[in-house]
Every structure is written in C-alpha cells, then in structure tokens.
Amino acid sequence: MAALLFFILFATSTHVKTHASSENCPTVRCGHNTPDIHFPFWVKGQQSQRCGSAGFELVCKENTTMIHLPSYGNLIVKSISYKTKKVDLIDPGNCVHGVFLNLNLSLSRFRYYYVVKNYTFLNCSARLPPSFAEVPCLSGPRHHFYNVKYSSAVPVPSSCRAVKTLAIPFAYSPYISDNSFGLGLTWDSPRCEECEAKGGKTSFLPEAQFLNIAQDGGLL
C-alpha cells in the first residue's frame, strides 16, 4: 500500500513538473534599453500573474517600465539587478524627496537598498540660512521645505514646523542630480530556484485532484 502511494505521488509530481516546464514564462521587456523582466517581477497584460510574485507587478506604458507603489503612485523602473536584488527607480516628477516624504515601503515588498538615517522634513514660512539646503521641488513662494538630520537636542527654528521624521538614504543636496540614487530598493522575497529554472512559473497539484487519485486507488 505504501509503495502504491509513493508511485502515485511520484507520477503526479512528474506530471506537475512537466506541466510547469511546458508553460514557462519568458523574459520580457517594455522597450529598447529597458530592464529584463522575469521572476519575481511580472508584467500585467503580457504575462500570467503566476509568472511572478505578489507585490512585483510591473506595467509597460509607452515603452517604459513602471511600478505602482502604495501610498505614492507610479515610478519608472530604470534597472533591475536580480543578482544583488536591487531595483533602481526614477520619479517622473523629478522630486526624489517628494517620494521620500510620501512613500511608505512597509506597504510594499521593498525596502531601501542604501543605508538609511533619520531626517526631519521642515516646512518653513521664511528661508533658513544658506547652511540649510532648501528642497526646490517641495517649496513655493510662501513655504520652504528642508530636510535636516534628526536630533532631539536641536530645536526646530521658530519659522518652521516639523512635518515628518523619516529614515531615508540622504538629505537633499543640490549636487545630487540623479534622483535614482535615492530610489534604489531591494527585496527579501524567498527565492524559488526550481520555478526560476523553469521560466518562473510554478504549478501545484490541487488537493482535491490528489484526493480523487488516492480514492480511486483505494488508499482512502
């Protein structure tokens, strides 16, 4: 009886592996010089959801690779390194610190790739001394945004109010023009070497189907 059960498990497992390999998920791209997309990422509208993992859905829009992150919105995917598990993103609005201010990575499968430190965003009614670097994309004629290294020992200037303290890779600097530097993210999803080898797709025998086979064999 045990031998028969083993044979059934082996036969169905072989069927599952054959099924998975025959329905693989080829690597795709959204356009010229765009990153290769494969497990755990997948492209909505071009691939089955089974080709990737939850939270790694990408969209091709006008030959550009996009990802939607909760609490913020759409960002451009500049590059993906599957070896180092690093994805570089660009803000279409060219305001990386606006992304920092509104992005909540705890709602996603990602975290910052670079080391982070606590910085406080300040909204000021008057400009601060030149030693403070103003964030232009967040500022306006009557309000001025800054992000400074957090310290409970340093009081907030009287013309400012603290908006939020966040752990981010760096404070604003006019010398950092590539906004993808601060949008380097990584992920901790478990690797699926078998499904990667088969093109990304996994396939499992449904429990009900296994029970039917066992019952037909007189095991249940």
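The values are calculated or read from the model by the stated rules, or taken from the named source; none is laboratory data. Remember, it's a predicted structure, so these values are computed and weren't measured experimentally. Methodologically, a virtual Cβ is constructed for each residue, glycine included, from the backbone with ideal geometry; neighbour enumeration extends over all protein chains shown. With ligands, DNA and RNA removed, areas are computed over all heavy atoms of the protein, side chains included. Shrake-Rupley method; radii C 1.70, N 1.55, O 1.52, S 1.80 Å.
Within the range 96-137, the set of residues being in a loop (DSSP other than H, G, I, E, B) and aromatic (Phe, Trp, Tyr) comprises Tyr113, Tyr114, Phe132. Considering each residue of the range 27-49 in turn, at least one proves to be at pLDDT 90 or above, basic (Lys, Arg) and outside any strand (DSSP E or B). Taking first residues from the range 154-172 that are within 16 Å of Leu128 (Cα to Cα) and among the aliphatic types (A, V, I, L, M) and partners that are open to solvent by 60 Å² or more (accessible area, probe 1.4 Å) and not in a strand (DSSP E or B), the Cβ contacts under 9 Å between residues at least 6 apart in sequence or on separate chains come to Ala162/Val156.
Only a single criterion out of (1) surrounded by fewer than 17 Cβ atoms within 10 Å (Cβ to Cβ); (2) assigned to a loop (DSSP other than H, G, I, E, B); (3) small (Gly, Ala, Ser); (4) within 31 Å of the chain's Cα centre (by Cα) is not satisfied by Ala171, namely (1).
When the range 75-101 is filtered for residues that are open to solvent by 40 Å² or more (accessible area, probe 1.4 Å) and among the hydrophobic types (A, V, I, L, M, F, W, C), the ones remaining, listed by number, are Ile76, Ile90. Here Val148, Val156 are screened, and the one residue that is modelled with pLDDT under 95, in a strand (DSSP E or B) and either out of contact with any Lys or Arg (no Cβ under 8 Å at 6 or more places or on another chain) or over 24 Å from Gly31 (Cα atoms) (or both) is Val148. Restricting Tyr112, Tyr146, Tyr150 to those that are open to solvent by less than 70 Å² (accessible area, probe 1.4 Å), aromatic (Phe, Trp, Tyr) and more than 12 Å from the chain's Cα centre (by Cα) reduces the list to Tyr146. Hey, could you check the range 50-74 for residues that are more than 24 Å from Leu103 (Cβ to Cβ) and open to solvent by 50 Å² or more (accessible area, probe 1.4 Å) and say which is modelled with the lowest pLDDT? By that ranking, first place goes to Arg50.
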